[in-house]
Amino acid sequence: REEERGMSERGGIGGADLFGYVGIESVLDQMRRKTVKAGFEFNIMVVGQSGLGKSTLVNTLFKSKVSRKSCTPNYEEKISKTVRLHAVSHVIEEKGVKMKLTVIDTPGFGDQINNQNCWEPIVKYVNEQYEKYLREELNVNRKRRIPDSRVHCCIYFLPASGHSLRPIDVEFMKRLGKIVSIVPVIAKADTLTLEERQEFKERIRQDLEANGIHVYPQRELDEDPEDRILNDRIRDSIPFAVVGTDKEHQVNGHKVLGRKTKWGIIEVENVAHCEFANLRDLLIRSHLQDLKDVAHNVHYETYRVRRLNESNMNLSELVLSSWPLQNKMDKCETESHL
Amino acid sequence: MAATDVDVFSNEEKRNLSLGGHVGFDSLPDQLVSKSVTQGFCFNILCVGETGIGKSTLMNTLFNTMFENEEASHYQNGVYLRPRTYDLQESSVHLKLTIVDTVGFGDQINKDESYKPIVDYIDTQFENYLQEELKIKRSLFNYHDTRIHICLYFIAPTGHSLKSLDLVTMKKLDSKVNIIPIIAKADTISKSELHKFKIKIMSELVSNGVQIYQFPTDDEAVSEINSSMNAHLPFAVVGSVEEVKVGNKTVRARQYPWGVVQVENESHCDFVKLREMLIRVNMEDLREQTHARHYELYRRCKLEEMGFKDTDPDSQPISLQETYEAKRKEFLGDLQRKEEEMRQMFVNKVKETEAELKEKEKELHDKFEHLKRIHQEEKRKVEEKRRDLEEELNTFNRRKMAAETQSLSQPLKKDKDKKN
């Protein structure tokens, strides 16, 4: 193996040079092997009024019958009186990579005549998952791998009205944008022409900014100029106008996913027709790990800080006070403050 | 008691779904790996062994570089640990390598306490991590992890057996850190002696219950090579940064009058095996074991020591918060008591000092009175004397007057007397 790589890798060290190949970079392979073996978890929440195509979109995203609703024939959706949250988990595998995908549905959201506070059960659910994780993390006997049920991403469905954000949209995104990464999408976008779509998106972006709503990818989380450029490009195109389907049709000799209408076939994965492919690429192919990292390093930590401050718990002080070597020194300090 | 494994994929309530096409999450491991690359990696090696046994040379040989190092003296008072951090880079991977040297190990006449600084250092690194983890506002992903991932224990090539210092030290360390024992300066032992030596060492370790690091065999990709390496422990290594021409190649070797010992020749020594295991195959596993096993054990013991439990005597789960509140009350109660005690002490001291001061005041007052009296006495005496003097003066003046008047009326008498 060494002969193959040759002695041509030169590295840098603070002060000296590596005189030949050491093999440090194989740690990447080691890490890859371990993570593949351990598998991944991803929890995605879909929020929007009934009939906007949430289940269909999730099925299209993951190319499988994740949500049984849209596939059961003659399924009559009962409008529920309150917002219920419904989490379903599946294990999917692709090229040896296993993922436990959990989709959290929110039937009843925005469906009532009076939708006051309909976001509360959702906020409660998100915080409950953080709380569950926090408790596990604080246990004395911890599991090797803490089960992660925290919501990594929340897709918010905007109806394609063509006008602007509605009050319920603003209220929801304002509150949830603080505790979870929101990805807004324009649902059933095949009712908008390209110009209407552009105008609508522009207005939505203005509304979001006017209301101080930060959606994913959040500007303040950009790490370096490269990130910023990449994320600016994404921010300039959200919300994505999507169309979902699980039906296939023949177009130009190929089988494509599409919706057949009398005036043509809307190809879901064609970026000239709708932005589904962009959404899929963002969510799954490039930013999935980043969504999880933001949920863990930013949203969860924010929750944790708030929670620990509430109960006035400063554990590290307590640990510090019992450490034998420093014990005497610190006790003297606290006494002198008396 | 190891942390319980949770296999997230074995829960019955989940269904396995088949995908109708390429979704794209197979790029997840790549996404994860590229994030780690931007963050960089940490790796911390602890070298335990006598002075002069070849620790620094081996590190130089392993990482193909010259870390600055002066030779250590043999006259240290005790054992102390010297950590040095270096930033290495190979292609796109940044490694923050910390090498901790034990200076003075094995040099003292009394080696009873030799293992203590090592154990303390390892515990301190765990403690620092625990502190960071328990902070309210913390930044774990930015944290420079200084926990020791691997301890290379250098065994002197005596050819007989382990020294008692080695056994004691390794026994103290085996529950805190991954240990790989290596035989240093292996070019002083012949092949047959080496074989016997290795067997002796391993049997001594087993019979004394020392847990050394086992290369993991659960991953099919590496289980074969790892299990074969497990059989070659302890690795007999030779280190050298000098290059010698052998045939038409230049290799790292040690040149003797009777031959050349090549470092990277597997029939000469086990250096290649060590490098393979340590860096190219198991670096990530070492880091994982340190975090998931040794650190968790430390954390569990520490929290239990402080009185935190997961369940109370009735097996009801107690939240950390409740325990914390209880502890805090206790601590504050203690504090208050101490405060009271100190206040009492202070009050008593004040009383004492007051009493003393009063005494002194009284004394002073008495003295003053006494002096006053003396002064008055003196004054009186002086007055008397003055009166006496005045009287005398008066008497004298009167007599003088009398004498004068007498002399006036009899002036000639005197002269007559004189003439006569």
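Here A:His86 and A:Asn278 are evaluated by their C-beta separation; at R0 = 30 Å the FRET efficiency comes out at 0.65.
Other protein chain C-beta atoms within 10 Å of residue C-beta, averaged over B:337-344: 1.
Using a Gaussian network for chain B with springs between C-alpha atoms less than 10 Å apart, which of these wobbles most: B:Lys327, B:Lys135, B:Lys362? Answer for the Gaussian network model of chain B: B:Lys362. Evaluating 6.51 cos²θ - 1.76 cosθ + 1.60 at θ = phi - 60° for every residue in region B:179-185, the Karplus couplings come out as 10, 10, x, 10, 8, 8, 6 Hz, glycine and proline recorded as x.
Computed from the C-alpha gyration tensor, the three semi-axes of the ellipsoid equivalent to region B:318-396 are 75, 7, 4 Å, from longest to shortest. Remark: mean inter-chain Cβ contacts per residue of B:92-101 equal 2, using a 10 Å Cβ-Cβ cutoff to other protein chain atoms.
Report the label-to-label distance for B:Asp123 and B:Ser92 in nanometres (one decimal), using points 7 Å from each Cα along the Cα→Cβ vector. Those two pseudo-labels are separated by 4.3 nm. Geometric descriptor of region A:75-162, per residue, is 165 Å³ (volume of the convex hull of the Cα atoms). Shown for the protein assembly as shown is the translational diffusion coefficient from the Stokes-Einstein equation, using the Kirkwood radius over Cα pairs, a temperature of 37 °C and a viscosity of 0.692 mPa s: 99 µm²/s.
Across B:Met401, B:Met345, B:Met202, mean-square fluctuation computed from a Gaussian network of chain B (C-alpha pairs under 10 Å connected) peaks at B:Met401.
Rg/Rh, computed from the Cα trace of region B:156-204 with Rh as the Kirkwood radius, has the value 0.99.
Legend: mean number of C-beta atoms from other chains within 10 angstrom of residue C-beta atoms, peptide A:282-293, equals 4. The modelled label-to-label distance between B:Thr217 and B:His195, using points 7 Å beyond Cα along the C-beta direction, is 2.2 nm. Does region A:62-216 come out rounded, prolate or oblate by the C-alpha gyration tensor, with a ≥ b ≥ c the root eigenvalues, rounded set by a/c under 1.5 and, if not, prolate when a/b is larger than b/c and oblate if not? Prolate shape, in that a/c is at least 1.5 and a/b is the bigger ratio. Convex hull of alpha carbon positions in region A:223-309: directionally averaged projected area 8.5 nm². All Cα-Cα distances of region B:42-87, cut into 10 Å bins from zero to the largest, leave 20, 60, 18, 1 percent in each bin in turn.
Pairwise Cα distances in region B:37-306 exceed 31 Å in 26 percent of cases. Charge dipole (Cα centre; +1 on Lys/Arg Cβ, -1 on Asp/Glu Cβ; no other charges) of region B:318-396 amounts to roughly 220 debye.
Where does the charge balance sit around B:Leu194 when Lys and Arg score +1, Asp and Glu -1, over other residues with C-beta under 14 Å from its C-beta?
Details: positive: B:Lys185, B:Lys191, B:Lys196, B:Lys198, B:Lys200, B:Lys273; negative: B:Asp187, B:Glu193, B:Glu266, B:Asp270.
Summing Lys and Arg as +1 and Asp and Glu as -1 gives +2.
Listed cross-link partners A:Lys37/A:Lys132; A:Lys124/A:Lys174; A:Lys34/B:Lys35; B:Lys302/B:Lys327; B:Lys96/B:Lys249; B:Lys329/B:Lys349 are compared with a 22 Å cut-off, the Cα-Cα value being larger for A:Lys37/A:Lys132; B:Lys96/B:Lys249; B:Lys329/B:Lys349. Label positions at B:Arg386 and B:Ile109, each projected 7 Å from the Cα along the C-beta direction, are separated by 8.6 nm. Cross-link reach is defined here as a Cα-Cα straight distance under 20 Å, omitting same-chain residues fewer than 8 places apart; for A:Lys255 the lysines meeting it are A:Lys63, A:Lys65, A:Lys247. Look at the dipole of region B:318-396 built from charges on Cβ: of B:Asn348, B:Leu389, B:Leu332, the Cα furthest out on the positive end belongs to B:Leu332.
Using the Cβ-Cβ distance between A:Arg306 and B:Gln336 with R0 = 30 Å, the FRET efficiency computed as 1/(1 + (r/R0)^6) comes to roughly 0.50.
Just from its helices, what would the mean residue ellipticity at 222 nm be for chain B, if runs of 4 or more DSSP H residues each count -39500 (n - 2.57) and the sum is divided by every residue, rounded to the nearest 500 deg cm²/dmol? Walk me through the numbers on the way to the answer.
Details: 11 runs with 199 residues, N = 420.
Counting only the DSSP helices, I get -16000 deg cm²/dmol.
Close amide H partners of B:Ile155, meaning residues 5 or more places away or on another chain with modelled amide H under 5 Å apart, are B:Ile182, B:Ile183, B:Ala184.
Other residues within the sphere of radius under 11 Å centred on the Cβ of A:Lys34, judged by their own Cβ, net out at -2 (K and R +1, D and E -1).
Taking Cβ atoms as reference points and 12 Å as the exclusive limit, the residues near B:Lys111 contribute a net charge of -3, counting Lys and Arg as +1 and Asp and Glu as -1.
Rounded to the nearest 20, the Cβ-based charge dipole of the protein assembly as shown about its Cα centre (Lys and Arg +1, Asp and Glu -1) stands at 1780 debye.
Summarising the amide proton neighbourhood of B:Tyr86: residues at separation of 5 or more, or on other chains, whose placed amide H is nearer than 5 Å comprise B:Leu97, B:Thr98, B:Ile99.
In a Debye calculation with equal point scatterers on the alpha-carbon sites of region A:128-268 and no solvent, what is log10 I(q)/I(0) at q = 0.10, 0.11, 0.16, 0.22 Å⁻¹? For region A:128-268, the Cα-only Debye profile gives -0.50, -0.59, -0.96, -1.27. A Gaussian network model of chain B, with springs between Cα atoms under 10 Å, assigns the largest mean-square fluctuation among B:Lys249, B:Lys385, B:Lys111 to B:Lys385.
Bear in mind that the values in this text are calculations on the coordinates, not laboratory data. The shown structure was predicted, so the numbers you read here are calculated from the model rather than taken from an experiment. Quick reminder, even Gly has a Cβ in these numbers, built from the backbone with ideal geometry, and neighbours come from all protein chains shown.
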